[in-house]
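Participant: Would you mind keeping the following structure in view while I ask a few things?
The values are calculated or read from the model by the stated rules, or taken from the named source; none is laboratory data. Here the structure is a predicted model, which is why all the values come from computation and not from measurement. Using ideal geometry, Cβ is built from the backbone for each residue, glycine included, and neighbour counts are taken over all protein chains shown. Remember, those area values only see protein heavy atoms, side chains included, never the ligands or the DNA or RNA. Shrake-Rupley method; radii C 1.70, N 1.55, O 1.52, S 1.80 Å.
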Amino acid sequence: MRPLKKTLGLLLEYLDPWLFFLISAGMVFSFSPKTQAQPANTRGVPHLAFTYPAGGQQGTTVTVSIGGQYLNGTVAAHFSGYGLTAKVVHYERPLSQKEINDLREEQQKLQDKRAAARADKTKPPFTAEDEKRSAEVRTLLATRGNRQVSPVLAETVTLEVTLDPSAAPGEREVRLRTASGLSNPMVFIVSQLPEVREPVRIATSSPNTAARKNPDANPRSPRSKSEMEITVPAVVNGQIMPGEVDRFRFTAKKGQRIVMVAHARSLIPYLADAVPGWFQATLALYDERGRELAYADDYRYHPDPVLRFDIPSDGTYAVEIKDAIYRGREDFIYRVAIGELPFITGIYPLGASCGERANFELTGWNLPSNQLALETNGKKPGTFYVSVRGNAQLSNPARIMLETLPGTAEAEPNDRADTPQAITLPTTVNGRIARPGDTDMFRFTGKAGDELVAEVQARRLGSPLDSVLRLTDAAGKQIAFNDDNEDKGSGLLTHHADSRLTCKLPADGTYTLTVADTQHQGGPDFGYRLRVGPPQPDFELRVAPASINLKSGASAVVTVFALRHDGFEGEIGLQLNNAPRGFGLSGARIPAREDKVQVTLTAPFGTGDEVFDLTVAGVAIIAGKTVAHLAVPAEDMMQAFAYKHLVATKELMVNVSGRASPLRVVTKAPLRLTPGSTTRLQIGAQASRSAPNVQFELIDPPEGIKLEGTAKRSGDTVSLVIACDPAKAKPGSQGNLILAAFADRPNPKAKANQRTPLGVVPAIAYEIAPLKTPAAD
């Protein structure tokens, strides 16, 4: 974030007068939706853009507005976890231009009728019903005539959400279900604190209430609009419109340690049409005289700011929140928790070995203790979140890691070449860069040709450490070096700051591995876990999208991503775990050396109007042992321009509704494709009056593979020809072919055929034959 903020600061310095003009005019820095941070959306399938408020207190009922697209006909809301129920109470959208024109004509007729009745008593009177209808038309034109809103925000569904007192606090997910399918998930937080909120602004809000029409919405003004009075502790919910600054006041007593935690980017990771891709909130605290006491535009490497302040005297204080460059829109939503809240700033060590009693040191604010003991017996390796309770409230979660490798505790002094700490491989070192400029050195013995992996886990576990790794031999010569290493499984990190290096040791002897912070920072919270030893080949899986919509008997395309570790290149078999009978995966394997594959999920016949929670698992043979991992559901999202992220979600939800015409593969798979030749493929597609001419096209085909000619029907079988270009196809490659089916129907008005989608064919495994080597003379 620092380089980005520095760049933005320079930009603002030069463009400040023009920027102020744009903000005052209600404009947002935006680019073409084709380059923006929104997941792909199938037309007609509901897509959520924001939820407001994005949470509620245990034991209360809250009215929630959800903005998005294709939300008409919403019948239900689905929450992850337990203890939350919802009732759909309202749907609203802006009027179409035709509806606006019709209302204006009606309004003119009513005005003419009123004038005529006043001028001539013989004319039809202007009745109470006419007066009522005139008021209705004025209201509709004033509130639902907004045609400037982005289509992805245009529609609103209002829910009445009831949170049971026993509902566990923390993040949940909410999805809407319509006749067209299940939406993408959005974050919804269950809190323990009382909640307050501003009135919601949606696409049909009156223009007079929009910030761009508010004369007080001036980014140069210390007060932008009336300040909300709150009683702490509380959670404040609000929306930021263009140029807007929100303020709320509270009273506090001398000695209170007030913590203010903002949630903005964490609610909506990537916003469409917003650069740098999210709501970059800032927090500031002011005293009664308007003096700024504290300010934050982030928390360490997190874009969402956190403030802590020791109250110096009894009095009234104001908290201010805004976007860093004064952008805003209906989906610039926030939650700010304020009070003497427990907040963990650091935990040490950052993990432990499975099966041992682990003791941790805690640092932070308003914590009940600086010690935490955990039993890890029965725990499997992985990452876990821990919280503590202080002032009757749960703290923010801290992340720890459990592993099977034996652990080593870092021991000082080890910051000089003549005092390195001796370690025996393989091991995981729990260490800490305890002060600015500190370095930790570890010495081990190795043999020529040994493969070595050294990897830091710090930023991914919540540590502010920006690590760097350096490997040197006994003479001090550098053998390997690494600063940052991208982890594609950490889709929310804005800076992949953890280091990882691999190498083959060049000779027998002793080696030194040095860990440091690239910014020369350090402190009690700068912990790390350093894994050192031979490679541990393994994999993780992500499956996208997290919401899948199917008709009974039909198939849908699902992408499974393989995150391969330490050189693992083997094939990964895929399967559904504990799925209801009749569900199936086609093309269920990730070929060796491939990082992703498109498969198809097929719903059973006879199933309809149900939502299922499914689980995908991957199985591989690694070093002669069977290794299995569950796939993490994810949304494949794109930040502004070209940065793609796999953002993990809590559930893989499948909605089944309606019934489809069956499509099946007749040709035996895998399909063997020969470069320079064609291959015939037969698909079972039942003929019908509504779809007499079924055609097919390949979805994201591998390079060099295409359909040739037109489909030919014989009874209920359609024959296709697949061509393999020898100049482009990759011999020996494997994967799945995905075919979409559609019907061509004549459309006399358009003087062309109308294409109607019929679904996708179950995935067809293929392999491209190796090129033949010419025989020797």
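Participant: So for each of 124-132, 517-525, 258-266 I average, over its residues, the number of other beta carbons within 10 Å; can you give me the resulting order with the highest mean first?
Facilitator: On the way: 124-132: 11.6, 517-525: 16.2, 258-266: 22.9.
By packing density, highest mean first, the sequence is 258-266, 517-525, 124-132.
Participant: Output ³J(HN,Hα) for segment 84-92: one whole-Hz value per residue in order, computed from phi by the Karplus curve 6.51 cos²θ - 1.76 cosθ + 1.60 with θ = phi - 60°, and x for Gly and Pro.
Facilitator: 10, 10, 9, 10, 7, 10, 6, 9, 8
Participant: Step through the residues of segment 553-565 one at a time and calculate ³J(HN,Hα) from phi using the Karplus curve (6.51 cos²θ - 1.76 cosθ + 1.60, θ = phi - 60°), rounding each to whole Hz and writing x for Gly and Pro.
Facilitator: x, 9, 10, 9, 7, 10, 9, 10, 9, 9, 9, 8, 10
Participant: Which of the helices in the chain, when you take each full DSSP H run, stretch at least 15 Å along the axis at their Cα atoms and have an average Kyte-Doolittle score of -1.0 or higher? Write out the running numbers ahead of the final one.
Facilitator: On the way: long enough: 2-24 (27 Å, 0.60); 97-119 (33 Å, -1.78); 128-143 (22 Å, -0.74).
The qualifying helices are 2-24, 128-143.
Participant: With charges only on Cβ, +1 for K and R and -1 for D and E, what is the dipole size of segment 355-448 about its Cα centre, in debye, rounded to 20? Can you show the working numbers first?
Facilitator: Values: 10 positive and 10 negative charges, 62 e Å.
Here the size comes out at about 300 debye.
Participant: For segment 507-600, with only Lys/Arg (+1) and Asp/Glu (-1) charged at the beta-carbon, what is the dipole magnitude about the Cα centre, in debye rounded to 20?
Facilitator: On the way: 9 positive and 10 negative charges, 124 e Å.
Dipole size: approximately 600 debye.
Participant: Sticking with this structure for a sec: For segment 73-145 and segment 538-579, compute the distance between their C-alpha centroids and round to whole Å.
Facilitator: Result: 48 Å between the Cα centres.
Participant: Right, something else. If you count only protein heavy atoms with a 1.4 Å probe, what accessible area per residue comes out for the chain, rounded to a whole Å²?
Facilitator: Working: 36880 Å² over 777 residues.
It amounts to 47 Å² per residue over the chain.
Participant: Would you mind listing how long the chain runs along its three principal axes, going by Cα atoms, in whole Å with the largest first?
Facilitator: Cα extents, longest axis first: 112, 87, 53 Å.
Participant: Output the pairs from 596/706; 551/706; 706/728; 254/322; 447/477; 379/504 with a Cα-Cα distance over 22 Å in this structure; if there are none, say none.
Facilitator: Working: 596/706 20 Å; 551/706 27 Å; 706/728 11 Å; 254/322 27 Å; 447/477 16 Å; 379/504 33 Å.
Exceeds cut-off: 551/706; 254/322; 379/504.
Participant: I've got another one for you. Once you wrap a convex hull around the alpha carbon atoms of segment 530-601, what is its projected area averaged over all directions, in nm²?
Facilitator: Working: hull surface 24.3 nm².
The Cα convex hull of segment 530-601, projected and averaged over all directions, gives 6.1 nm².
Participant: For residue 227, list long-range residues whose amide hydrogen, built 1.01 Å from N in the peptide plane, is under 5 Å from its own amide hydrogen.
Facilitator: Sorted by chain and number, the residues that satisfy this come to none at all.
Participant: Still on this structure, I have one more. Find, among the GluC sites (Glu not before Pro) in segment 288-333, those assigned to loop by DSSP (not H, G, I, E, B) with at most 13 other beta-carbon atoms within 10 angstrom.
Facilitator: Values: sites: 288, 292, 320, 330; in loops: 288, 330.
Counting only loop positions with at most 13 other Cβ atoms within 10 Å, the GluC sites (Glu not before Pro) in segment 288-333 are 288.
Participant: Also, quick follow-up: What's the carbon and sulfur percent of segment 288-447's accessible surface, probe 1.4 angstrom, rounded to a whole number? Let's see the in-between values first.
Facilitator: Details: 3540 of 7160 Å².
Answer for segment 288-447 is 50 percent, counting heavy atoms of protein chains only.
Participant: Could you derive backbone 3J(HN,Hα) for segment 731-736 from the dihedral phi with the Karplus parameters 6.51, -1.76 and 1.60 (θ = phi - 60°), listing whole Hz in sequence and x where the residue is Gly or Pro?
Facilitator: Using θ = phi - 60°, the values come out as x, x, 6, 9, x, 10 Hz.
Participant: Once label points are set 7 Å from the Cα along Cα→Cβ at both residue 508 and residue 648, what is their separation, rounded to one decimal in nm?
Facilitator: Result for the modelled spin labels: 4.4 nm.
Participant: Okay, next question. From largest to smallest, what semi-axes in whole angstrom does segment 453-530 give when each is the square root of 5 times an eigenvalue of its alpha carbon gyration tensor? Please list the in-between numbers first.
Facilitator: Working: eigenvalues 120, 41, 17 Å².
Its equivalent ellipsoid spans semi-axes of 24, 14, 9 Å.
Participant: Which order do 389, 118, 308 take by accessible area at a 1.4 Å probe, largest first?
Facilitator: Working: 389 130, 118 170, 308 75 Å².
Accessible-area ranking of 389, 118, 308, largest first: 118, 389, 308.
Participant: If I model a spin label at residue 97 and residue 417 as a point 7 Å from the Cα along the Cα→Cβ vector, what separation in nanometres do I get?
Facilitator: A separation of 7.5 nm, rounded to one decimal place.
Participant: Between residue 570 and residues 5 or more places away or on another chain, which pairs have amide H atoms under 5 Å apart, with H built 1.01 Å from N, and which residues are they?
Facilitator: 593
Participant: For residue 578 and residue 122, calculate 0.36 nm times their separation in residues minus their Cα-Cα distance, and state this gained length in nm to one decimal. Don't jump to the answer; show the numbers that get you there.
Facilitator: Details: separation 456, 0.36 × 456 = 164.16 nm, distance 7.76 nm.
The span from residue 578 to residue 122 would gain 156.4 nm if fully extended.
Participant: Over the Cα atoms of segment 409-540, each weighted equally, I'd like the Debye log10 I(q)/I(0) at q = 0.16 Å⁻¹, rounded to two decimals.
Facilitator: Calculated log10 I(q)/I(0) at the listed q: -0.76.
Participant: Can you give me the % of accessible surface on segment 492-600 that is carbon or sulfur? Probe 1.4 Å, all protein chains present, nothing else counted. Mind showing how you got there, number by number?
Facilitator: Working: 1970 of 4300 Å².
Carbon-and-sulfur percentage of accessible area, whole number: 46.
Participant: A further question follows. Toward the positive end of the charge dipole of segment 271-379, about the Cα centre and with charges on Cβ (Lys, Arg +1; Asp, Glu -1), which of 301, 318, 350 goes farthest?
Facilitator: Farthest towards the positive end: 350.
Participant: Hey, another quick one. Would you mind working out the magnitude of the charge dipole of segment 447-572 relative to its Cα centre, with +1 at each Lys and Arg C-beta and -1 at each Asp and Glu C-beta, to the nearest 20 Debye?
Facilitator: On the way: 13 positive and 18 negative charges, 54 e Å.
My answer is approximately 260 debye.
Participant: How long are the three semi-axes of the equivalent ellipsoid of segment 494-622, in whole Å, if each is the root of 5 times an eigenvalue of the C-alpha gyration tensor, listed from largest down? Mind dumping the intermediate values first?
Facilitator: Numbers: eigenvalues 351, 74, 24 Å².
Equivalent ellipsoid semi-axes, largest first: 42, 19, 11 Å.
Participant: Among 241-249, 589-597, 737-745, 471-479, how do they line up from the highest to the lowest mean number of other beta-carbon atoms within 10 Å? Numbers along the way, then the final one.
Facilitator: Working: 241-249: 22.0, 589-597: 17.3, 737-745: 19.1, 471-479: 13.1.
My ranking of the peptides, most packed first, is 241-249, 737-745, 589-597, 471-479.
Participant: Tell me which residues come under 5 Å, amide H to amide H, from residue 658 once H is placed; ignore anything under 5 positions away on its chain.
Facilitator: 552, 609
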